[in-house]
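Here the structure is laid out as structure tokens; the discussion comes afterwards.
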Amino acid sequence: MEFLNTNSRFLHDNMVLFAEKLQSTLPEKLSVCYFVNSGSEANDLALRLAWQFTGHKDVITLDNAYHGHVSSLIDISPYKFHQMPNFKMNPSVHVAPSPDVYRGQYRRDHPDPATAYADEVRDIIHRAEEKGGKIAAFIAESLQSCGGQVIPPVGYFQKVAAHIRKSGGVFIADEVQVGFGRVGSHFWAFQLQGEDFVPDIVTMGKPIGNGHPLSCVVTTKEIAEAFMKSGMEYFNTFGGNPVSCAIGLAVLDVIEKEDLQGNALRVGGYLCSVLQEHKNKHPLIGDIRGCGLFVGVELIRDQFKLTPATAEAQEVICRLKEQHILLSADGPHRNVLKFKPPLCFTKEDVDFVVEKIDHILTEIEEALGMKSKLNVNNEGAKQKISDENHQDHKLTCSKGSKKAPLQTKWIKT
């Protein structure tokens, strides 16, 4: 910082070196970088690129999505505007169902949830066009974070991209919360969809500077040229300055040298396996989903109705905070525990955190009068043996029991 800090009108080797190294992690088609300061600024610029390139205005976003805090992004962030009772939706914004295969419209038992959810986007395009609208972009987090740690079914992005591009729009992948090796198996979360999927624009932030204010928009040469032809010069006072680019290069070096992507894969797999063991024990745990060190634990009060355990989730994070463990609960019902730890997280850290959660869930379940799944299964097995001995199969005791659900209300104290 003492050596040189200029705006992006003044070229410096760091900017070129960082752009080259960042681009090397992406598909070849994504070759032009715009450096900015935050995820919000990146997503706002991505919309400008889409509007200029397509000449269209309408944007399709996902339900429960969050893309940033500036005005243009509040418009496409249902996670935010659903909280505002008097909010008037921008008529050029359209909301598609979140591709949630656990709680959504099309679930894991559906024969082809990817196509079903993509068809919802296709239908939105048709309805918009019937009213005279033209689609500029579809924007989605590669994995929905604030929306509840949602993992879209494989093939969903490819099918959506086909519908969007047919209508003249572009596909924007928001990697602000999930990029840079967090998913473990790949450097970018959109790559989980398959090698045949390449977005038209990728936005990134948060981990790119490891705490330093830095973000980036990466796009194709065609989209960048169209943006340049608008006649409006683009530059940034802090985004892309030599200091920020030096920091960005250092972050990429550390990810590579310390094998943080590999650590995310190994520790994330261990985290999911440990949590799965506890899912078999705790009736409050409804679903565990994730990739690498991006994991969600959805808490529910009823295994069949999927009643959200919102108060219980808040109790868990409050009590963890008292023990110096910071965890969030999110999703549309605020009942999903979000695990997004630093990529240096270890298996020992996993054991420590999960043990604390185990104790807290046990105490809450006991207060609610909820039986451990293990106890229920054991009782079911004993009952079955008894029934067989008496050759009477009319009575059973298992998870499928139709006993009326408990009406106890958990009150946070």
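Look at ALA311 and say whether it is outside any loop (DSSP other than H, G, I, E, B), open to solvent by 10 Å² or more (accessible area, probe 1.4 Å), without any contact (Cβ under 8 Å) to a residue 60 or more places away in the chain and small (Gly, Ala, Ser).
Taking the combined requirement at face value, the residue does not satisfy it.
Which of the residues belonging to segment 26-54 are touching a residue at least 40 places away in the same chain (Cβ under 8 Å) and not in a helix (DSSP H, G or I)?
Passing the criteria: LEU26, PRO27, LYS29, LEU30, SER31, VAL32, CYS33, TYR34, PHE35, VAL36, ASN37, SER38.
Being part of a helix (DSSP H, G or I) and either farther than 16 Å from VAL16 by Cα or out of contact with any His (no Cβ under 7 Å at 6 or more places or on another chain) (or both) is the requirement here; does GLU233 meet it?
Against the criterion (part of a helix (DSSP H, G or I) and either farther than 16 Å from VAL16 by Cα or out of contact with any His (no Cβ under 7 Å at 6 or more places or on another chain) (or both)), GLU233 does not qualify.
Scan segment 1-21 for residues that are out of contact with any helix residue (DSSP H, G or I) (no Cβ under 7 Å at 6 or more places or on another chain) and in a helix (DSSP H, G or I) and report the count.
Total meeting the criteria: 4.
Of all residues in segment 14-24, which are within 23 Å of the chain's Cα centre (by Cα) and open to solvent by 40 Å² or more (accessible area, probe 1.4 Å)?
Listed by number, the list holds a single entry, GLN23.
Only residues that are touching a Leu at 6+ places or on another chain (Cβ under 8 Å) and among the polar types (S, T, N, Q): list them for segment 249-283, please.
GLN261, ASN263, ASN280
On the given criteria, is PHE345 open to solvent by less than 20 Å² (accessible area, probe 1.4 Å), out of contact with any His (no Cβ under 7 Å at 6 or more places or on another chain) and at negative phi?
In short, no.
Looking at (1) assigned to a loop (DSSP other than H, G, I, E, B); (2) hydrophobic (A, V, I, L, M, F, W, C); (3) closer than 17 Å to GLN52 by Cβ; (4) open to solvent by less than 20 Å² (accessible area, probe 1.4 Å), find the lone condition where VAL218 falls short.
Single failed check for VAL218: (1).
In this structure, does ILE325 turn out to be of a type in the set (A, V, I, L, M, F, W, C), closer than 23 Å to GLU277 by Cβ and either in a helix (DSSP H, G or I) or modelled with pLDDT under 95 (or both)?
No, not satisfied.
May I ask you to list the residues in segment 265-284 that are under 20 Å from ASP349 (Cβ atoms) and open to solvent by less than 10 Å² (accessible area, probe 1.4 Å)?
VAL267, GLY268, LEU271, LEU275, listed by residue number.
So if I check each of GLY290, GLY286, GLY240, which one is closer than 20 Å to GLY179 by Cα and under 25 Å from the mean Cα position of the chain (by Cα)?
Only one candidate qualifies: GLY290.
VAL316 is checked against (1) free of Cβ contacts under 8 Å to residues at least 24 places away in the same chain; (2) open to solvent by less than 10 Å² (accessible area, probe 1.4 Å) and fails just one. What number does that condition carry?
With (1) free of Cβ contacts under 8 Å to residues at least 24 places away in the same chain; (2) open to solvent by less than 10 Å² (accessible area, probe 1.4 Å) applied to VAL316, the lone miss is (1).
Name every residue in segment 60-100 that is part of a helix (DSSP H, G or I) and either at positive phi or open to solvent by 50 Å² or more (accessible area, probe 1.4 Å) (or both), in order of residue number.
Scanning segment 60-100 gives SER71, LYS80.
The values are calculated or read from the model by the stated rules, or taken from the named source; none is laboratory data. Fair warning: this is a prediction, and the values are worked out from it, not measured in the lab. We place every Cβ from the backbone using ideal geometry, glycine too, and count neighbours over all the protein chains shown. Ligands, DNA and RNA are excluded from the accessible area calculation, which covers all protein heavy atoms including side chains. Shrake-Rupley method; radii C 1.70, N 1.55, O 1.52, S 1.80 Å.
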